[in-house]
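One structure is given below, encoded as structure tokens.
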Amino acid sequence: MGDNLPTGTLTLLFSDIEGSTALLRRLGDRYGEALSIQRALLRACFAEYGGHEMGTEGDSFFVVFQSADAAVSCCVAAQRALAAQAWPEGVPVRVRMGLHSGEPTPHEDNYMGMDVHRAARIAATAHGGQVVLSEATLLLAASRLSAEVSIRDLGFHRLKDIEEPERIYQLVAAGLPERFPPLKSLGAPTRLPVPLTPLVGRDAALEQVHAALTRSGVRLVTLTGTGGVGKTRLALAAAAALDQAFPHGVFFVALAAVRDAGVMWKTIADGLDVVGDGPAADTVTGYLRDRRAMLVLDNLEQLDGAAGVVAGLLAAAPGLTVLATSRRPLHLHGEQELPVPPLEVPREGETEEVAAFGAARLFVQQAAMVRPGFALTPANSGDIAAICRRLDGLPLAIELAASRVRLLAPRALLARLRHGLDLAAADIGQPSRQQTLRNTIAWSYDLLAPDLAEAFRRAGVFAGGCDLDALAAIAITETGSDPLQLAAGLLDVSLITVTDGPDGEPRVGMLETIREYALDRGEQAGDLDDARRRHAQYYTGIAEQADEQLRGSGPAHLAALDRLEAEHANLRAALAWSLETAAADPGPADHERAATGLRLVQALAYFWYRHGYLIEGRRWLERAIELTAEEGGAPLAQLAHWLGVLLERQGELQASLSFLERSLAIWRDLGDQDQQARELNSLGITHHFLGDLDTARALLEDSAAISREIGSDFRLAAALTNLGQAESDAGNFDRATQVLQEALAVDRKHGDMLGVALDQQSLAGVSLRAGRAAQARDLISEMADYVARCGDPELLATTLEMAAATTADLGEGLRAARLAGAAEAVRQKPGIPVKQPELLERFLAPARAKIAPEEWADELAAGRALSQQQAAMLLVSLPPSHDTLR
């Protein structure tokens, strides 16, 4: 049937009804009538303009045109027909449409290829009644557009599963709606937070920053000034105005919580959403080297190594511009420092004169947000001017003060503000503006009831925010207090922020300056140690609960992973407090703190191991071992085990052996056979990767024997899986298959999905080596869904590599190259080396030899460019063999 399909350059149309589910609820039985009318109207247009209907599903269509201008005309006619139709119950049916032109590949009675996916993704960004099209379609149709049709450029947008941004346009035609909400894409390449309110009083400063950033030869501009003066807000406005000047994007990187250069490089890499092989510094500079982009690096003053990082960025990437915010300059050659002053404050004057000053306009804007209708009047303008002067025009101070207008008129507010300033006037050694900001925060703090004030002080220990349960556990000391009410009280005085967490529940946060103030007041009040203790114990409990869930599969596993990722900053803060602040002469409280830290390390070890946090986990494990080295026993054995396992994953096999052997010795002294079986298994794996198959076999057989003796199917299956892999590498395929089939039966019996996936992967390796690539492909297809969703980067990488080898052996060389590239990308971010590169090369080399080098390189690069999620989808989409295993 595919022989009759149009070929060459085609224009693809995807359409569907917006909100079809809601429409069904409203129309009930008459929905079918509306659907039939919609189909008839569209099909009439398709027929009139030469469209080939490829398929329909529910309310959607996929139609192909041999002419781009015919496709455009069809969409305009269809939208007009839909708009003119009298619909059942008077409820309009709105259809969204998307066009893209390319050369899709005919496949059976349809088309396949990236052009089809791109067209579908473009259509998915549209709203009902809107027609959007790609630049490819515009170029083909532009010269033939009718006079009543025009084009609106909607800019670049990122589309799901498509790496490069797409420039999207909207068709505008007489008689049809023109204005729609922003496209439902992943956004433009620019990644800037969108402020909730307009920038006020910064026109001159904004022009100054713009001029500096566009001046020839200037590549580093640093906005300096005291905390709360509005450096970040000004930087965001300047960056947003210049996004078109940087074709490879403008990226905002928040660094307030970062304290060292290594984490700064990692945070920049995360902000760019790039991964690489080796240090994050190499990944970032390699990515930016040939790009014209701008980085907005926010909050550098606490980073001693920030200047070195910025210098390294500018040296490695000649097309890069850096806009930094800091309370002090970086003192780098070529740096353009722009001090950000407070807003201009009004003197005595008429209402119109006061309204001309940015500080007064900011106060009125913020006050109106808490008291609708609030405005500058002759009655209050003098008081507002005095408030702005009292606050030295500092935006954060003004915003905090304006939030009290909900309760206090400006005159009453001014009276209380004067007392608050006097109370904090003795801050010796601090810049005057910082004193003013501290005084403003102190004034808001002093308005709190005692229970709210205590909760505010304690909430300063949270890093990266918290949910209401955590707030209740750590910040509330009175039984029965409602954390939601507490959060509302703190939000009322703008001492916290509240956003929606990933689960839709409220998440409480603090501006960094206010958090520092809360910690200072907590230390003064004697609350801080208890708050930190509660914080560490609470998040240790969270980690221990998640640890149990992570070892399972399904929704619980994924929920636990999401929770640990969301609370990573709090977990790090708890680790730092409990493990990094050792006392010279430790007492009972210090021992309790260290014990909490050791529990937390043990609870997070499996998370670090399974989800790629190898470097971070290694550092905390090394610190924990320092603290337990003298005491020894089971805690030391557990820590040594996990450090050995992480070292093995990083390819440091000899170092891994020493810790695993240390752990085994302790478990033997303690007579714990279960843990001995585990350690023998880990040692067997490591010797296997060292190439000592005889030792590996002996260790794994010992592990299996002990597991049988104590009746532990879990330990037995693990030992058998690894023994089967060793036998496979030794060429004993029959023995390997026998052992792995036993392991698979045990894992299936207990519903261990990870174990089943590892067994199937290992059996696929045996089949591949034995010349049964079709069997290997089927085994990989069976396990692909679990591997894609489990979040284990090494399991994903090794399965992709197995798929690449199998695909190569089946003669699909280009697919094999892309799979191999995807595996490399997955390994790069956590720094997991390939354990047996020669095995993969054995199967890839013959396939590569049959393909033009540039074609192989292109597919390999395409695979390397995939995200971990995209790489997982590549695995899932791998077609199975038609052969069977039986």
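The values are calculated or read from the model by the stated rules, or taken from the named source; none is laboratory data. Small disclaimer: the values here were computed from a predicted structure and weren't measured. A quick note on method: Cβ atoms are made from the backbone with ideal geometry, for glycine too, and the neighbour counts reach across all protein chains shown. All accessible areas refer to the heavy atoms of the entire protein, side chains included, with ligands and DNA or RNA removed. Shrake-Rupley method; radii C 1.70, N 1.55, O 1.52, S 1.80 Å.
Within the stretch 369-385, being closer than 14 Å to E353 by Cβ and not polar (S, T, N, Q) holds for L376, P378, G382, I384, A385.
Which of the residues belonging to the stretch 405-417 are touching a Phe, Trp or Tyr at 6+ places or on another chain (Cβ under 9 Å) and crowded, with 20+ Cβ neighbours inside 10 Å? Matches in the stretch 405-417: V405, P410, L417.
The single residue among G358, G373 that is more than 26 Å from R438 (Cβ to Cβ) and small (G, A, S) turns out to be G373. When we screen G312, G278, G349 for residues that are in contact (Cβ under 8 Å) with a residue 12 or more places away in the chain and part of a helix (DSSP H, G or I), the only hit is G312. If the condition is being of a type in the set (V, I, T) and more than 40 Å from the chain's Cα centre (by Cα), then the stretch 674-701 contributes only T695.
Of all residues in the stretch 292-305, those being at pLDDT 85 or above and open to solvent by less than 30 Å² (accessible area, probe 1.4 Å) number 8. Looking at D503, D562, D529, just one residue is at pLDDT below 85, open to solvent by 60 Å² or more (accessible area, probe 1.4 Å) and in a helix (DSSP H, G or I), and that residue is D562.
Would you check which residues across the stretch 159-186 are more than 25 Å from V93 (Cβ to Cβ), acidic (D, E) and either without any contact (Cβ under 8 Å) to a residue 24 or more places away in the chain or not in a strand (DSSP E or B) (or both) and list them?
D161, E164
Residues considered: R551, R572. Of these, the only one that is surrounded by fewer than 19 Cβ atoms within 10 Å (Cβ to Cβ), basic (K, R) and modelled with pLDDT under 85 is R551. Filtered by the rule that a residue be of a type in the set (G, A, S) and more than 21 Å from W667 (Cα to Cα), the stretch 595-652 gives G597, G612, G617, G651.
Please verify whether T721 is closer than 27 Å to L600 by Cβ, among the polar types (S, T, N, Q) and in contact with a Ser or Thr (Cβ under 7 Å, 6 or more places away or on another chain), treating the condition exactly as stated. Criteria not met by T721.
Filtered by the rule that a residue be within 42 Å of the chain's Cα centre (by Cα) and acidic (D, E), the stretch 702-738 gives D713, E727, D729. The residue that is surrounded by the fewest Cβ atoms within 10 Å (Cβ to Cβ), counting only those in the stretch 684-714 that are hydrophobic (A, V, I, L, M, F, W, C) and closer than 21 Å to V834 by Cα, is L690.
When G308 is tested against the conditions (1) at pLDDT 90 or above; (2) touching a helix residue (DSSP H, G or I) at 6+ places or on another chain (Cβ under 7 Å); (3) crowded, with 16+ Cβ neighbours inside 10 Å, the lone failure is (3). Only a single item in (1) in a strand (DSSP E or B); (2) among the small types (G, A, S); (3) crowded, with 17+ Cβ neighbours inside 10 Å is not met by S150, and it is number (3).
When you check E337 against the structure, is it assigned to a helix (DSSP H, G or I), out of contact with any helix residue (DSSP H, G or I) (no Cβ under 6 Å at 6 or more places or on another chain) and either within 21 Å of A205 (Cα to Cα) or open to solvent by less than 40 Å² (accessible area, probe 1.4 Å) (or both), yes or no? Judged against the criteria, E337 is not a match. Just name the residue that is surrounded by the fewest Cβ atoms within 10 Å (Cβ to Cβ) out of those in the stretch 715-737 that are of a type in the set (G, A, S) and over 27 Å from D672 (Cα atoms). Residue satisfying both the conditions and the ranking: G731. Here A142 meets each of (1) within 28 Å of the chain's Cα centre (by Cα); (2) at negative phi with one exception, condition (1).
The residues in the stretch 199-242 that are of a type in the set (D, E, K, R) and assigned to a helix (DSSP H, G or I) can be counted, and the count is 4. Of the helices (runs of 4 or more DSSP H) lying entirely inside the stretch 747-823, the ones with 3 or more residues being hydrophobic (A, V, I, L, M, F, W, C), open to solvent by 20 Å² or more (accessible area, probe 1.4 Å) and touching a helix residue (DSSP H, G or I) at 6+ places or on another chain (Cβ under 8 Å) are found at 753-769.
Yes/no per residue for (1) open to solvent by less than 40 Å² (accessible area, probe 1.4 Å); (2) small (G, A, S):
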{"site": "V172", "(1), (2)": "yes, no"}
{"site": "F180", "(1), (2)": "no, no"}
{"site": "K184", "(1), (2)": "no, no"}
{"site": "Q208", "(1), (2)": "no, no"}
{"site": "S216", "(1), (2)": "no, yes"}
{"site": "R219", "(1), (2)": "no, no"}
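One residue stands out among those in the stretch 256-274 that are part of a loop (DSSP other than H, G, I, E, B) and open to solvent by 60 Å² or more (accessible area, probe 1.4 Å): the one that is nearest to I514 (Cα to Cα), which is A257. For first residues located in the stretch 95-116 and open to solvent by 40 Å² or more (accessible area, probe 1.4 Å), partners that are in a strand (DSSP E or B) and of a type in the set (V, I, T) and lie 6+ apart or on another chain with Cβ distances below 7 Å form the pairs M112/T105.
In the stretch 1-84, counting only strands (runs of 3 or more DSSP E) that sit wholly within it, the ones holding 2 or more residues that are out of contact with any helix residue (DSSP H, G or I) (no Cβ under 8 Å at 6 or more places or on another chain), open to solvent by less than 60 Å² (accessible area, probe 1.4 Å) and more than 19 Å from P177 (Cα to Cα) span 52-57, 60-65. Identification of helices (runs of 4 or more DSSP H) wholly contained in the stretch 379-482 with 1 or more residues that are modelled with pLDDT of 85 or more, touching a helix residue (DSSP H, G or I) at 6+ places or on another chain (Cβ under 9 Å) and under 23 Å from G509 (Cβ atoms) yields 395-402, 450-459, 468-475.
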